[in-house]
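The values are calculated or read from the model by the stated rules, or taken from the named source; none is laboratory data. Remember, it's a predicted structure, so these values are computed and weren't measured experimentally. All Cβ positions, even for glycine, are placed from backbone atoms using ideal geometry, and neighbour counts span all protein chains on display. Ligands, DNA and RNA are stripped out before the accessible areas are found, and what is left, the full protein with its side chains, is counted by its heavy atoms. Shrake-Rupley method; radii C 1.70, N 1.55, O 1.52, S 1.80 Å.
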Amino acid sequence: MKKNKNSTYNKYLSVFYIFFVLSLLAVALFNFKIDPENIYKKFSKNQKEEESFSISYVKKLISSKTGLFYRNDLINERDIKYSLSAHPTEAECAILGSSPVLQISSFRNIKSLSSICSSLINLGTTAAVLEDYLIFSEKLFLNKQAPSKIIISVHPYTFNLNRDAQWLRYKSDYEKIKDEIMFDKKDFKVNKIKKNYYTILLENLINMKYFLKSYEIFSLKEKLKIEEVKILDYKYGMKHHVLLPDGSLIYSRKNIDRKMKRGIDGYSGIQNYKIKIKNIYNPYAIKMFNRLIEHLSKKFEVIIILIPYHPSVWNFPEQPAVKAMKIVEPIVIDIAKQNNISLYGSYNPKNILCKSNEYYDEIHTMSSCLEKIEKFQRVKKN
Amino acid sequence: MLFNSYIFIFLFLPISITIFYLLKKKNFEKLTSVWLILVSLFFYGWWNPKYLILIIISIIFNYLLGNNLKINPKKTILFFGIFINLLIIGYFKYSNFFISNVNNFLSDQILMNQIILPLGISFFTFQQITYLVDSFSGRTKENTFVNYSLFVIFFPQLIAGPIVHHSEMIPQFRNKLFGVFKIENFVMGLTTFTIGLFKKVFIADNLAIFANPAFDVSQLGFELTLFDAWFSAVAYTFQLYFDFSGYSDMALGIGLLFGLALPLNFHSPFKAKNISEFWRLWHMTLSRLIRDYIYYPLSLTFARIAIYLNLSSGSSFFITIASPIIISFFLVGLWHGAGWHYIVFGLLHGFYIVVHNAWLMLKKNIKYKVKKKNTFALDQLSQFITFIAVTFSFVIFRSDSLESSLNFIYSMLNFKSINFNDLFEATTFGTFPFTGIYFLIISFFIINFLPNTYQFILKKNNLFKLLGPQIPDSYNKPNNMLKWKPTIKWAICFALILLLSVMSISSTNEFLYFEF
């Protein structure tokens, strides 16, 4: 009787383990094979073929007259911007920053920073952090036909390390430039990633979100096409996001609708994206940023811009974002003065004269607001 | 190290279990307990190795004092022991709270210390105080230092309970079968752990996404719409339940993987029909500790005073029932954290229970009886009222201050702010409002209709039977909606649940009860 009972439990345990291990392996293999974010391609034989997608996308983008549809759920934005930063260009400026800079354009109907740059390439990337700035800078530095000016948008959360992990896909570029600019030995301890890079890669193989993204790509009926836009609708957007030939973005119709629907009432005004009240900035990150400017100044003219948050955010001075803006803005001004570089803009919309209806949400301004930034110069280069 | 982390699931746990059973199999019996102590120390030290010193000193101190009390049961020694334990927890947990209140009161600025709260300090301190009290009363037996240490530091219960009693654990360590691999325990442990992990990473963490924004908004002084306030309050109430009961299930499951039974901590508390019942089914081991070591002694002392003073029934009710309840729940509040909102949370529950007791007395006096045909409706109504009362108290518990909790409660009661146009628009529930609603519905279904972990699986386990009756018979009703058996169908089902849970693990989501 007892033997029987034990064998039932043994069978249960065996089936449980075998089924669990096999399905876990299947998930990992599936994620590895589909690899929606191109993280594992360097370990596979198909690397060249996959790399060519972002390169061919960029080639087609810069030669297009109107821009290309950009499925941000299927195409990796970082890869595109990474390829764009390495591509020879005639543009005068390159802009680095997080999603609030994505609308900055020398192509669209309302142009931004036009008195500073006759033309630009937008390397702004959603959720970009300081580490991304270093990676793109490295690519620009190596680009033989790069723009002559680099415009860096400093966000209230920029002076931090490890606030996002997406940059890790270009870890080797980051390590390279970090080694070049951080010459103090003790600085090498800075930005030590708590987890081993390969551990992160392994964990990601069994990540649910990655699996769902893999499945989405797997279930596509036809291979992802690079499709040129016929007619641009700047105000209401198109069926998907659109990347303009300079790398700037027009949100999709759905996205603009959703953002506008939130309106300026209700809870808008609360926006603490990537800001932690106990760690508004990291002194090592500021040091790293200073070194980056010194480094870039050898080859480029560096300009800093600050993009204003929505007026409603400023109605709540106690929230971390406002505290961060009040602390970070003077630091950026000091950095610009110390390094003798120009600084335009402010986090406070009152300074720029941006109105509530010139925003998609609390941190994403429309081009009509971005247009005004260059009129508010805080620090002049001697 | 979190139970819901890859390093714990794929490295720490398998290694600790394998070596544990190998030691017993290779006849290194004495080393099995030592091994468990070592892995528990490693587990605890993972967060901050500095606090290992604190817990080790605490264990040595209480063990020696407990032994002394057995031989020499003097009140002065007992009070000294309790005082030292309270001093330690007072310094680490309450000193800054005390200083900030003195500063507020005197408009002075005494500098606050930068103290990091050692994890699980409330759990291991009170666990050891009960040991001292029982040693004084002659209710403890001769224990080796290894068994005592393991009772305190056994890692599944160390950080967030259940609060184990020495009489439950030490006999299990002494048992000859301790360390002998038993497939039945292992299978049930693995399945229980899987249920707990699923509750935490799949339900609680997803509910948090919909509960947190409203509390953040309220803390900044905003008023919420009525719908947002209620949905977020209920989402948090469910989140706390799934988070904490998920942790407890995982703890019980890990215990079983090592062939040890830990006491139950939850038994469908949201099915409670009154607030007293709720506390018998929610965080059961804390309720037990407060009842046995604070409420009963206080109640007994106050009853003696009432008899001595020959008080009227009203005064007697206040002295013998209301006062011990209020004091006990004041301490429950304080136990949860150093903040006035925690104290108010405790006092509010004390008040609820006093009201319930007064109602029971009144019912008895007026000889109130419910007609049988009305019982079902009345039960549902009672359950609903209890749930609402608990939800209000959890809003206070969740808020970062008393002020913000009042702000939130104001929104919950402000019926003028009903705006049907805003309902389920992208506000508090973000851009995917319906996902939040789905999670609430699923949670409601699980809580109200599915069997709890004990009914589903643990009831069948022999180790749990040895722990004695943990649930009063009146609550021990079977739920036959789902029945677990060690069949292939269930094995595949739980392997899939584990797979889903493992895939949903996110490194940032600690357990809510870790701060206590």
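Calculated accessible area for the stretch B:270-401 comes out at 53 Å² per residue, all protein chains present (probe 1.4 Å; ligands, DNA, RNA ignored). Spatially close Lys pairs in the stretch B:270-401, defined by Cα atoms under 19 Å apart and a spacing of eight or more places or different chains, total 10.
A Förster distance of 41 Å, applied to the separation of the beta-carbon atoms of residue A:253 and residue B:388, puts the FRET efficiency at 0.45. Of the trypsin sites (Lys or Arg not before Pro) found in the stretch B:296-399, those that fall in a DSSP loop while having at most 12 other beta-carbon atoms within 10 Å are B:367, B:369, B:371. Kindly state, to the nearest 0.05, the FRET efficiency for residue A:233 paired with residue A:72, given R0 = 30 Å and r defined as their beta-carbon distance. Calculated transfer efficiency: 0.95. With the gyration tensor restricted to C-alpha atoms of the stretch B:270-401, the semi-axes of the equivalent ellipsoid amount to 24, 24, 12 Å, longest first.
Cysteines in the protein assembly as shown that lack a partner Cβ within the 4.7 Å cut-off: B:493. The B-A contact accounts for roughly 3200 square angstrom of buried accessible surface, both chains included, probe 1.4 angstrom.
Residues of the stretch A:204-225 whose accessible area (probe 1.4 Å, heavy atoms of protein chains only) drops by at least 10 Å² once all protein chains are present, relative to their chain alone: A:206, A:207, A:208.
Write down the accessible area per residue of chain A in Å², having rolled a 1.4 Å probe over the full set of protein chains. Spelled out: the 1.4 Å probe surface of chain A, per residue, equals 48 Å². Overall, the accessible surface of the stretch A:254-382 at a probe of 1.4 angstrom is composed of carbon and sulfur to the extent of 50 percent. Annotation for the stretch B:22-70: chymotrypsin sites (Phe, Trp or Tyr not before Pro) lying in DSSP loop with at most 14 further Cβ atoms inside 10 Å of their Cβ are B:28.
Protein heavy-atom accessible surface, 1.4 Å probe, per residue over the stretch B:1-147: 54 Å². Per the 1.4 Å probe, what fraction of the accessible area of chain B, in percent, lies on carbon and sulfur atoms? Ligands and nucleic acids excluded, carbon and sulfur reach 68 percent.
Among the trypsin sites (Lys or Arg not before Pro) found in the stretch B:1-78, those both in a DSSP coil and sparsely packed, with 12 or fewer other Cβ atoms within 10 Å of their Cβ, are B:26, B:74. Within the stretch A:13-43, the residues that become at least 50 Å² less accessible when every protein chain is included than when their own chain is isolated (1.4 Å probe; DNA, RNA and ligands ignored) are A:13, A:15, A:16, A:19, A:20. Sorting A:20-28, A:132-140, A:308-316 by their mean Cβ neighbour count within 10 Å, with the most densely packed peptide first, gives A:132-140, A:308-316, A:20-28. The residues of the stretch B:182-213 occluded by other protein chains by 40 Å² or more of accessible area, set against the chain on its own, are B:183, B:184, B:187, B:190; surface from heavy atoms, 1.4 Å probe.
With a cut-off of 14 Å between beta carbons, the residues surrounding residue A:142 carry a summed charge of +2, where Lys and Arg count +1 and Asp and Glu -1. In this structure, the residue pairs whose Cα-Cα separation is over 30 Å, taken from A:230/A:299; B:199/B:477; A:33/A:81; A:276/B:200; A:213/A:372, are A:230/A:299; A:213/A:372.
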